[in-house]
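Chemist: Here it is, the structure, as structure tokens.
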Amino acid sequence: MNTQTLWLAKLAAWTHDPAEKALVLMRDPAGHEGGTVRALRKTFFPTGVPANIKESVKQGDHWASAADRPQFGGGGRESWAQVRFDQQPVLIHPLSGEEFDLGKLADIDPAHIKALSGIHFDELIVSDNGIVDSKKTALNFWRFGPELDQSTLPLLWQLLPADTRVPDHTIWAHLDLTSAFAAAFVSDENSDAALLSMSFGPVQDFIAQSRSTSDLWAGSHLLARIAWEGLKVIAEDIGPDAVIFPQLRGVPQVDLWLRDEIGLPAERFANAEWVTQKTDANPLFMAALPNKFVAIVPAGRAAELAERVTAAVRDWVKANAQAMLDELLEKSGVANDPALPCHEQLAQQLAGFPEVHWAAVPFALIERDANDKAAPEQAALADASRAYLGNSEKPGFLGTPAWQLLSKEITIDGATLFTPNPGVLYPAIYDLLDRVAAAAKAVRPFAALASEGFRCNLASDAEWLTTDRAHLALPKGQRKDTLWARAAEQFPGLFKKGEHLSAIALLKRMWPRTFTNELHRTLDIDVQRYVVSTHTLALATSLERWIDADGGRNTEADLLQNAQTPTALPRRLMKKLSGKSAATRQLARCLPAWLDDAVDEERDHRRHRAAGLLGDKPEAYYAFILMDGDRMGAWLSGTEADYQLAYRDTWHPKIRHSVDKKFPALDAYLDARRPVSPARHMAISAALNDFALHLARHVVEDLCKGKLIYAGGDDVLAMISIDDLMRCLLLLRLAYSGVWPEQSEALTDLLGLQGERDMARLRRGHALYDGRLLRLMGAKATASAGAVVAHHQTPLARVLRELRATEKQAKASGRDAFAINLLKRSGGAVQLALPWLPPGMDWPGALQSDLTGSPAALLMRLRNCFAGNTSRRAAYLTQGWLEDLPTAEQIGHDALRDLLAANLAHQLQRQGGDDAAAIGRQLATLACALGQGDKKYRVAETIRDTLAVAEFLAREGRAHPQENRT
Amino acid sequence: MTTLFLEPLDVLFLRGNQHFGAAGAHGAALMPPWPSLAAGAIRSRLMAEGASLDSLADFRLTHFGLGRRLGANAADSGIEALLPLPADVMVSRETLDDARYAVPTAPPMGVTSSHALPQLPVFCLDKPAKPIGGLWLNAAGIKAWLAGAPIAASHLLHASQLWQLDTRLGIALDAQKRSAADGKIYTAEAVAFAKAVGFVARYQGAPALPENSLIRLGGDGRGAVARPSVFDFPQPDWDRIARERRFRLLLTTPGLFADGWKPAGIPATLAAASVNRADTISGWDMLTGQPKPAQRIAPVGSVYWYGKLADIEALKALLHNGLEAAANPTRHAEGFNHCHIAPWAEEN
């Protein structure tokens, strides 16, 4: 098979159904296959589609349809089973099951939309001397097919359903999947496909080895880049649509590859943010790919592709590290002799890095007949699965009600509605893959390696790179002429004096420089400093107050003269500064470094000066946030009812009602939980991509003074200024699900968002942001977050360790919760964990109101009280009597609640008035409800810790000036 | 052979291979610590008692791990050894009642993977589940594991029942002024043991310590009392192993092997393994005033499944002598490379 055939198969797959199918079905006299796709096929296959490609696409289409909408494989031609989308356009959120009735689309003329579609795809054809370049065209179709900029309906175009009767997945997901299957079939000698899962590591240990936020960013970004270098092998060989998870369409790093390495027309990308944005806000600075992927590959090539991916990522790492070492030697004035020990050290230390684990399961395990009909028994698949999924006759998916229904043909009124083909068994193949991949990780092979002497400052298990092994025995203070002593002189901003690094630490430390050089070359972006330091982030609270208070007019000329070293500021602060004077901008950017650079005797003086300028003591605390989607394993495996939809819920209401009336015998089928499908995996991945690439950054960097370190998959790691902590936490949680309360005014006030004109609009599992409609995880999906508030001088390693523990605490509190850990400089710590919603309330119910009664909002209101007229003494005084109160076991829950409410209200009223008293009652009610529902929550501790956190966040200058008082 | 129960009198600072030098650093604790901690402490105490370096030439630590005193009184000599949950056992429910063994399984026809061995250790679960971390086996659990019998909830302990971490704050001193250095605060994790929890150490080749000897353990030289104690691990079912010609090998102390993750010199064929990512051991060599080499080790709790056993007597010798004893006599004497042997577990 030549590669040309593979790309032609993709083009045939992309033209088997028109993108506008839903809008022209039953309206176009030529039929949906007689319009734009016929013309395109004539262009690509003037003498007709070759038989092998035709057969692969047909099979791919059938498998894809069966996998994503098994109820309507080949039947459903009766009038009750048809939906005219222009008359009854309904879309269903694939993860939450929410229905969206679009009213009427009859004003969209089928001829017009056909013409638009025809022009759109014609423009995507890439030719060379009049000959269609099938690879470039297929990639252009994949990338830009869903982006119809000429239409008045660009948002609907992205979400057009593949099947109007089951409108929970898009035509784009169907075309992607058909293309992936077709390419696998046509390029495998047995016409078989396999699912391939690969993962790269280590993750946590690698990222945690950090001495600065720059190291932290570099570790995260490098891992995401390594994942892309692996994915690139798959994308180049069999196309990016082969990758089910993560979805690659629209990922900036992938776009860069399409433009610069594949050679897609550059003008297509001209308006992309990664091209136009010339600052560190460029999305290429984001670590946005997870460390794992799943792809559909030709079965016979699965192992070869996995080995090539493994070699590619390791070669990429080694080549980059080697180039960094060569530069280090050159700049340090050391002759680059291959016999230098550092070269051997580098090779040894990077051998086997990164760790790569993979597993592949072929669809050939599925028994089928000559007509591609899947056998009901599936003995081979059952045999293969038993060791992993349970020693029953029908393990895993084979034993579910879904398969019991789908393993047989379904006929209605004598017509075959559905015939099972191997695509229906996607859940069984995926489940087996997941288990084999987990077992394959049981051994993390490593070679013996002894590291002599004193070791790397970042990676304590490795020797630092040296030009003379005798140097390794030199203790700190005696290393006068080492490679690193010279390097520190040559690269003063990069290596600290005395720092000695290993190969992996070198890679991490020099990655920001390598990456920015790369961007300079490819995109003419010149960014020198872009990772915000912990000190700058702490100071951001004071700086914003200074800018807001007097417009930064007080700039003190002598201070300006002395503060000359700029630092990276949070993006939101930079935006605020854009309208200010040059002096204000310079002072804001240089103040952090001016304070940092002070030697001992000057330190107090400079702090005093800064306090005078800023009007208050410069803020010293900042926060880290780690948020993680809950139960992602269950979402992906689809094995738990809570995360599944019933078949009924995924059908168009017209079909649902018709079937209810006409075929009551199908009730069991309709109520059966729908198993996991490729489109569902794609929807999850696309939702996480949209959250990570757009919304997480928007929340952290546009709406708050923060820096996103990592956002990929369902994880977010971000630094945030202390005054924005609560706002950021709550916004991230709402953005993850794409939800916002129906009565939004009070929450908007509380979060101080009144003036945010460009803020994303969140609603019912979607977000409208920057002209794009993003489909997010929906209200059924939850997330938990941990936040650590720390002094900027607290060792980063400790903060990260505490952060992971705090995020676990949120998960352990029943999930869909947040936890805050205050690490006080004096050594004390306060830990608070609360659910996002009060006990007994679910998200759909909570969103009907205004959310200001939620625990996070209550905490914010309490903080605002303390920042306002309520004396913070109330928190301390309450602690004094709280422990002496009786328990619920002694007096009963109701009596305890009343007692606490009365006492807290009294305490807060004395210190703050009626508004504070009301918040006190609400806090008592919340704490008692939590204590009554879950033993993990203790009433007195919840009140004590909530007050303590609110009081700490309310200290001088920390409550956000724009946020509503109560 | 002398068996000691080392009961801490205070919190301990047990550091691993992480840096803790510069002011402002965070000292993370390592639990359980390397056996060299006990080897060094016991030898130092013996020397304080008058033993010469030469007389300790044959000293060898043959077991080191966590333990728990059985009696209510400190003087009670009965103890139970505890082991981290072996890598071939998985527990996922909070109730701890769903422990199951991994079963070595050849991949199904057509299924391929990156696994380094012919069989994969597979946990058979009807639904995907996350393992609960930080679990330990008590004596009854160790006995069940050694017999390949089911592990019950009563066999398991949470690490939090055995110790807690307690972060301590310190302030660096200015060497010139002998006063607190400005802004140089550091933190270190201290390990606070639960009542009656300590370490079990067994050694040979050196005299017994006097009863109730005080020894210094870990950073800051915090104290522990060493009491002679009595315990024994049950012997594996050698007949069954000989009959089945297969066995499991569990690392009870870190494994330092010439082949990295794989022990050499085992008279059988390696069929499957469950070995987590490498840890690193290091230390300070008092004699040379230099750091000891940092070496990659297979972590405690790693499990190897062997088949085609060729020589059961050689296997018995390994259990007694430790693995790859000759390759690194210093680390061997410090108690590394010890293991348990057990038959393959019964099917779940």
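Chemist: Taking θ = phi - 60°, what integer Hz values does the Karplus form 6.51 cos²θ - 1.76 cosθ + 1.60 yield along segment A:242-251, in sequence order, with x for Gly and Pro?
Modeler: After applying 6.51 cos²θ - 1.76 cosθ + 1.60, I find 5, 8, 6, 9, x, 6, 9, 5, x, 6 Hz.
Chemist: Further question: Leaving out ligands and nucleic acids, note down the accessible area per residue over segment B:42-192 with a 1.4 angstrom probe, in whole Å². Walk me through the numbers on the way to the answer.
Modeler: Numbers: 7050 Å² over 151 residues.
Solvent-accessible surface per residue comes out at 47 Å².
Chemist: Peptides B:161-174, A:362-375, A:645-658: what's the order by average Cβ count within 10 Å, highest mean first?
Modeler: Working: B:161-174: 15.3, A:362-375: 16.9, A:645-658: 19.4.
Put in order of decreasing packing, that is A:645-658, A:362-375, B:161-174.
Chemist: Further question on the same structure: How large, in Å, is segment A:222-371 by the Kirkwood hydrodynamic radius built from its alpha-carbon pairs?
Modeler: Values: mean 1/r = 0.0554 Å⁻¹.
Mean inverse Cα-Cα distance, inverted, gives 18.1 Å.
Chemist: OK, next. Under Stokes-Einstein, with the Kirkwood radius over Cα pairs standing in for Rh, what whole-number D in µm²/s applies to segment A:639-781 at 20 °C and 1.002 mPa s? Don't jump to the answer; show the numbers that get you there.
Modeler: Numbers: Rh = 17.1 Å.
The Stokes-Einstein estimate is 126 µm²/s.
Chemist: Let me ask something else. Once both axes come from the Cα atoms, what is the angle between helix A:503-523 and the longest principal axis of chain A, in degrees from 0 to 90, rounded to 10?
Modeler: 70 degrees
Chemist: Computing the accessible area with a 1.4 Å probe over protein heavy atoms, can you report the carbon and sulfur percentage for segment B:44-117?
Modeler: Details: 1640 of 3270 Å².
Heavy-atom surface of segment B:44-117 belonging to carbon and sulfur, 1.4 Å probe: 50 percent.
Chemist: Another one. Considering every residue in A:433-439, what mean count of other chain Cβ atoms within 10 Å of its Cβ is obtained?
Modeler: Working: counts 2, 1, 6, 9, 3, 5, 14.
The per-residue average across the peptide is 6.
Chemist: Going by alpha carbons, how many degrees (0 to 90, nearest 10) lie between the helix axis of A:873-882 and the longest principal axis of chain A?
Modeler: Once rounded, the angle reads 80 degrees.
Chemist: Arranged from highest to lowest average of other beta-carbon atoms within 10 Å per residue, in what order do the peptides B:230-236, A:210-216 appear? Please report the intermediate quantities before stating the final value.
Modeler: Values: B:230-236: 13.7, A:210-216: 20.9.
My ranking of the peptides, most packed first, is A:210-216, B:230-236.
Chemist: Now, a different point. In nm², what is the average projected area of the convex hull enclosing the Cα atoms of segment A:586-691? Mind showing how you got there, number by number?
Modeler: Values: hull surface 52.3 nm².
The Cα convex hull of segment A:586-691, projected and averaged over all directions, gives 13.1 nm².
Chemist: Out of residues 5 or more away from residue A:192 or on other chains, whose amide H comes under 5 Å of its own, with H placed 1.01 Å from N in the peptide plane?
Modeler: Distant-sequence amide H within range of residue A:192: A:299, A:300.
Chemist: So for each of B:53-62, A:496-505 I average, over its residues, the number of other beta carbons within 10 Å; can you give me the resulting order with the highest mean first?
Modeler: On the way: B:53-62: 15.5, A:496-505: 20.6.
Top to bottom by mean Cβ count within 10 Å: A:496-505, B:53-62.
Chemist: Relative to the longest principal axis of chain A, what angle (0 to 90°, nearest 10) does the C-alpha long axis of helix A:341-350 take?
Modeler: 60 degrees
Chemist: Per-residue mean of other chain beta-carbon atoms within 10 angstrom of the beta-carbon, peptide A:869-881? Numbers along the way, then the final one.
Modeler: Numbers: counts 0, 0, 0, 0, 0, 0, 0, 0, 0, 0, 0, 0, 0.
Counting Cβ atoms of other protein chains within 10 Å of each residue's Cβ and averaging gives 0.
Chemist: Just to make sure I understand: if all protein chains stay in place, what is the order of A:147, A:463, A:393 by accessible area at 1.4 Å, largest first?
Modeler: On the way: A:147 90, A:463 10, A:393 135 Å².
Reading off the accessible areas and sorting them downward yields A:393, A:147, A:463.
Chemist: How large is the accessible surface of residue B:123 in square angstrom, using a 1.4 angstrom probe and rounding to the nearest 10?
Modeler: The value for residue B:123 is about 50 Å².
Chemist: Would you kindly compute the Cα radius of gyration of the protein assembly as shown and its largest Cα-Cα separation (Dmax), both in Å?
Modeler: 32.5, 104
Chemist: Rg to Rh for segment A:654-715: what is it, with Cα atoms only and Rh by Kirkwood?
Modeler: Details: Rg = 19.9 Å, Rh = 14.9 Å.
Rounded to two decimals, Rg over Rh is 1.33.
Chemist: Along the charge dipole of chain A, Cβ charges K/R +1 and D/E -1, which of A:666, A:839, A:735 sits furthest on the positive end?
Modeler: The Cα lying farthest towards the positive end belongs to A:839.
Chemist: While we're on this one: When you have a sec, figure out the Kirkwood radius of segment A:31-188 from all distinct Cα pair distances and drop it here in Å to one decimal?
Modeler: Working: mean 1/r = 0.0583 Å⁻¹.
Kirkwood radius, segment A:31-188: 17.1 Å.
Chemist: Using the charge dipole of chain A (Lys, Arg: +1 at Cβ; Asp, Glu: -1 at Cβ; taken about the Cα centre), state which of A:324, A:748, A:43 has its Cα farthest towards the positive end.
Modeler: A:748
Chemist: Ok, one more. When only alpha-carbon atoms are used, what values of Rg and Dmax, in angstrom, describe segment B:234-325?
Modeler: 15.2, 51
Chemist: Please report, in whole Å, how far the alpha carbons of segment B:79-222 spread along each principal axis, starting with the longest.
Modeler: For segment B:79-222, the Cα extents along the three principal axes come out at 72, 44, 34 Å.
Chemist: Rounded to the nearest 500, what is chain A's calculated 222 nm mean residue ellipticity when only DSSP H runs of at least 4 contribute -39500 (n - 2.57) each, over all residues? Don't jump to the answer; show the numbers that get you there.
Modeler: On the way: 39 runs with 454 residues, N = 966.
Calculated at 222 nm, the ellipticity per residue is -14500 deg cm²/dmol.
Chemist: Let me ask something else. Run the helix sum for chain B: -39,500 (n - 2.57) per DSSP H stretch of 4+ residues, divided by residue count, reported at 222 nm to the nearest 500 deg cm²/dmol. Kindly include the intermediate steps, with their values, before the conclusion.
Modeler: Values: 6 runs with 48 residues, N = 348.
For chain B, the value works out to -3500 deg cm²/dmol.
Chemist: Using a 1.4 Å probe on the protein chains only, how many percent of the accessible area of chain A belongs to carbon and sulfur? Numbers along the way, then the final one.
Modeler: Details: 16510 of 34700 Å².
Answer for chain A: carbon and sulfur cover 48 percent of the accessible area.
Chemist: Using the Kirkwood radius over Cα pairs, work out the Stokes-Einstein diffusion coefficient for segment A:419-519 at 37 °C and 0.692 mPa s, in µm²/s as a whole number. Could the numbers behind the result be given before it?
Modeler: Details: Rh = 17.3 Å.
Rounded to a whole number, D works out at 190 µm²/s.
Chemist: Continuing with the same structure: If you count only protein heavy atoms with a 1.4 Å probe, what accessible area per residue comes out for segment B:229-339, rounded to a whole Å²? Walk me through the numbers on the way to the answer.
Modeler: Numbers: 4540 Å² over 111 residues.
Roughly 41 Å² per residue, with all protein chains present.
Chemist: May I ask for the Kirkwood hydrodynamic radius of segment A:750-813, worked out over all distinct Cα pairs and given in angstroms to one decimal? Each step should come with its number before you reach the end.
Modeler: Values: mean 1/r = 0.0669 Å⁻¹.
So the Kirkwood estimate lands at 14.9 Å.
Chemist: Still on this structure, I have one more. Looking at segment B:76-155, I'd like the Rg to Rh ratio, where Rg is from alpha-carbon atoms and Rh is Kirkwood's inverse mean 1/r. Before the final figure, lay out the partial values.
Modeler: Details: Rg = 15.1 Å, Rh = 14.3 Å.
Using Cα coordinates only, the ratio equals 1.06.
Chemist: Over segment A:179-234, average the accessible area per residue using a 1.4 Å probe and give it in Å², no decimals. Could you put the intermediate results ahead of the total?
Modeler: Values: 1170 Å² over 56 residues.
That works out to 21 Å² for each residue.
Chemist: Given B:262/B:292; A:42/A:114; A:576/A:824; A:136/A:707; A:58/A:441, which pairs have Cα atoms separated by over 26 Å? Show your work: numbers first, answer last.
Modeler: Values: B:262/B:292 22 Å; A:42/A:114 16 Å; A:576/A:824 30 Å; A:136/A:707 36 Å; A:58/A:441 36 Å.
Violating the 26 Å limit, Cα to Cα: A:576/A:824; A:136/A:707; A:58/A:441.
Chemist: Does segment A:818-859 come out rounded, prolate or oblate by the C-alpha gyration tensor, with a ≥ b ≥ c the root eigenvalues, rounded set by a/c under 1.5 and, if not, prolate when a/b is larger than b/c and oblate if not? Don't skip to the end; give the middle numbers.
Modeler: Values: a/c = 5.00, a/b = 3.14, b/c = 1.59.
Prolate is the answer for segment A:818-859, as a/c is 1.5 or above and a/b outweighs b/c.
Chemist: Right, here's the next one. Please identify the cysteines of chain A that lack any partner cysteine with a Cβ under 4.7 Å from their own Cβ.
Modeler: If one checks each Cβ against the other cysteines of chain A, A:342, A:456, A:590, A:865, A:928 turn up with nothing under 4.7 Å.
Chemist: Here is a follow-up. Report, in debye and to the nearest 20, how large the dipole of segment A:391-533 comes out about its Cα centre when Lys and Arg carry +1 and Asp and Glu carry -1 on their Cβ.
Modeler: Numbers: 18 positive and 15 negative charges, 166 e Å.
Dipole magnitude for segment A:391-533 comes out near 800 debye.
Chemist: Here's something else I'd like to know. Counting partner chain Cβ atoms within 10 Å of every residue's Cβ in A:790-799, what's the average? Mind showing how you got there, number by number?
Modeler: Values: counts 0, 2, 0, 5, 5, 10, 2, 8, 10, 1.
Mean shielding count: 4.
Chemist: Tell me, what is a quarter of the convex hull surface for the C-alpha atoms of segment A:866-946, in nm² with one decimal? Before the final figure, lay out the partial values.
Modeler: Numbers: hull surface 18.8 nm².
Over all viewing directions, segment A:866-946 projects a mean Cα-hull area of 4.7 nm².
Chemist: Something else now. Give the B-A buried accessible area in Å², both sides summed, 1.4 Å probe, nearest 100.
Modeler: Rounded to the nearest hundred, the buried surface is 4600 Å².
Chemist: Using the eigenvalues of the Cα gyration tensor, what equivalent ellipsoid semi-axes result for chain B when each is taken as the square root of five times the eigenvalue, whole Å, largest first? Before the final figure, lay out each step's value.
Modeler: Numbers: eigenvalues 244, 115, 90 Å².
Semi-axes (√(5λ), whole Å): 35, 24, 21.
The values are calculated or read from the model by the stated rules, or taken from the named source; none is laboratory data. Because the structure is predicted, anything quoted here is derived from the model rather than measured. Here Cβ is always computed from backbone atoms with ideal geometry, including for glycine, and neighbour counts include all displayed protein chains. Calculation scope for accessible area: heavy atoms of the full protein, side chains included, ligands and nucleic acids excluded. Shrake-Rupley method; radii C 1.70, N 1.55, O 1.52, S 1.80 Å.
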